[in-house]
Structures are given as C-alpha cells and as structure tokens.
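The next block holds one structure in the form of structure tokens; read it before the comments.
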Amino acid sequence: MNDTSTRGQVHIRCSQCGVFTINSEHCESCGALLSVVKQRKLVREKRDLELQKREREKGPSAIELQIKKMQQHRFWVVRAFSEVIYMSWVVAMAVGGFIAWILAAIIA
Ligand SMILES: [Zn+2]
C-alpha cells in the first residue's frame, strides 16, 4: 500500500486551457474556476440577484398605481370608489392567501 499519495486526489481538466489541476478549485495555469458545484452555485446566485433587481425595478404593480392615482382624485366619488376597490382587493388577497394556506395545510 504505497499509493496513498494519489488517494483522494481529484484531477480536473481545465475547460479553458486544458491543463490538469490536482486538488484545487482553480486552474493552476490560467486561474479559471474548476469546481462544477461552485460554478453552478455562482450561476444560481447571479440569477437570484438579477431576479431581485428586476423585482425592485418593477416597483408597485399597475393596480396599486391606479388605486393610488384614484385616491388623489379631486372628486370624492372617485376617491370613495377607489377605497371600495382597494378594500375588495385587500380582501381578495387575504382570501387568496387564506386558501393557499389551507391548501398547503391539507397537502402537508
Ligand atoms: Zn486553465
């Protein structure tokens, strides 16, 4: 048993330059990231960040903007109407959330 020196070693071929690197996550020749797990993690993190960024840029939804506009309307009738729409929207959201919660409870 004198092959312990090679045991547990991982030879990874660099996809960038073709050089074999032993037991390292980075290429010895060009420094490229070799660990596939790490590469996937990086890609996933980047995608999550982009999703969060897009979510922030989107801001409030169209219906929220419309309701906000109506709430500042000079006719009180429109403002009252917007209150009604807003309340029913909030109730619809609450009911939707409740149904989702019930469904989740049933499935789980
Ligand atoms: Zn390389």
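In segment 1-18, of all residues being more than 8 Å from the ligand (Cβ to nearest atom) and of a type in the set (Gly, Ala, Ser), the one that is modelled with the highest pLDDT corresponds to Gly8. If we scan segment 39-60, do we find a residue that is within 16 Å of the ligand (Cβ to nearest atom) and either under 30 Å from Cys14 (Cα atoms) or in contact with a helix residue (DSSP H, G or I) (Cβ under 7 Å, 6 or more places away or on another chain) (or both)? Looking through segment 39-60, at least one residue is within 16 Å of the ligand (Cβ to nearest atom) and either under 30 Å from Cys14 (Cα atoms) or in contact with a helix residue (DSSP H, G or I) (Cβ under 7 Å, 6 or more places away or on another chain) (or both). Flag set for Phe20, criterion: among the hydrophobic types (A, V, I, L, M, F, W, C) and in contact with a His (Cβ under 6 Å, 6 or more places away or on another chain). Can Ser88 be described as within 28 Å of the chain's Cα centre (by Cα) and among the polar types (S, T, N, Q)? Spelling it out, it is not the case that Ser88 is within 28 Å of the chain's Cα centre (by Cα) and among the polar types (S, T, N, Q).
The values are calculated or read from the model by the stated rules, or taken from the named source; none is laboratory data. Quick caveat: nothing in here was measured; it's all calculated off a predicted structure. So basically every Cβ, Gly included, is an ideal-geometry build from the backbone, and we count neighbours across all protein chains shown.
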